[in-house]
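Asker: Pasting a structure below so you can have a look.
Only the coordinates and a few stated rules stand behind these numbers; no lab work does. This one's a predicted model, so the numbers in the text were calculated from it and none came from an experiment. Positions of Cβ are backbone-derived with ideal geometry, glycine not excepted, and every protein chain shown enters the neighbour counts.
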């Protein structure tokens with residue numbers, strides 16, 4: 001009758017050993033390192049970079065992403081803005097008007113760019129006033145004095161040196177210059193003289209002559225014939 005009592009403890013010991021072995025088996029399957037503790041989250045985390053590196057789309061996306069595009073666009077826009085500003089400065093740049101005193105912007109007065117009139121005056125007696133008008137498009141210089149050639153005259157009359165201006169008389173387009181002519185001496189000291197019915201005027205430095213109309217009856221001239229320099233004021237030409 002003692003035999004059944006002995007079997008009961010052995011059965012319990014066997015069951016306990018079986019449970020221990022099962023627990024050891026489970027522990028061994030859940031870890032691969034020497035600590036004997038398995039980490040359930042480590043394996044997936046380690047696998048993510050590997051998947052990203054193996055995917056062509058994931059590798060190319062950072063290079064063409066918004067940061068790269070923004071940097072490239074900013075550089076392009078900056079260069080375009082600078083170029084536009086430079087072009088605007090070049091197109092709006094204004095060059096100053098030419099200096100009338102520059103030799104390139106002024107010409108000598110001549111028969112080609114002026115109109116001349118000749119008219120006797122009441123005072124002083126025996127005087128005539130020449131008026132020259134600049135009909136050109138540039139400022140012109142009246143150099144020295146008029147070359148006066150009356151009909152029948154053997155030579156051109158000399159200039160009165162005391163009439164010389166301090167500077168050359170210059171005419172803008174449309175402006176006028178003047179010169180006076182002493183036709184004859186009132187006291188007869190200039191000789192007998194004669195009546196001239198035509199007159200031509202020349203300019204210093206030019207061979208071309210301009211015709212100036214005289215009164216219908218002509219003008220009386222003698223050997224006292226004189227001219228003034230070209231002047232900017234008619235009163236100076238008749239003084």
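Asker: Scan segment 174-199 for residues that are surrounded by fewer than 17 Cβ atoms within 10 Å (Cβ to Cβ), touching a strand residue (DSSP E or B) at 6+ places or on another chain (Cβ under 9 Å) and on the phi < 0 side of the Ramachandran plot and jot them down.
Answerer: Within segment 174-199, 175, 176, 194, 195, 197, 198 meet the criteria.
Asker: Hey, another quick one. When only residues in segment 127-155 that are closer than 18 Å to residue 205 by Cα and without any contact (Cβ under 8 Å) to a residue 40 or more places away in the chain count, which is surrounded by the most Cβ atoms within 10 Å (Cβ to Cβ)?
Answerer: Ranking the candidates gives 140 first.
Asker: Out of all the residues in segment 221-230, is one or more touching a helix residue (DSSP H, G or I) at 6+ places or on another chain (Cβ under 6 Å) and under 22 Å from residue 140 (Cβ atoms)?
Answerer: Taking segment 221-230 as the starting set, the residues that turn out to be touching a helix residue (DSSP H, G or I) at 6+ places or on another chain (Cβ under 6 Å) are 228-229.
The next check asks that each one be under 22 Å from residue 140 (Cβ atoms); those that pass are 228-229.
Yes.
Asker: Right, next: Looking at segment 126-149 only, could you name the residues that are on the phi < 0 side of the Ramachandran plot and outside any strand (DSSP E or B)? Break it down into steps so the answer makes sense when it comes.
Answerer: Just the residues of segment 126-149 that are on the phi < 0 side of the Ramachandran plot, to begin with: 127-143, 145-149.
Result: 135, 136, 137, 138, 143, 145, 146.
Asker: Quick check on residue 170: is it under 21 Å from residue 123 (Cβ atoms) and in contact with a strand residue (DSSP E or B) (Cβ under 6 Å, 6 or more places away or on another chain)?
Answerer: When the stated conditions are applied, residue 170 does not pass them.
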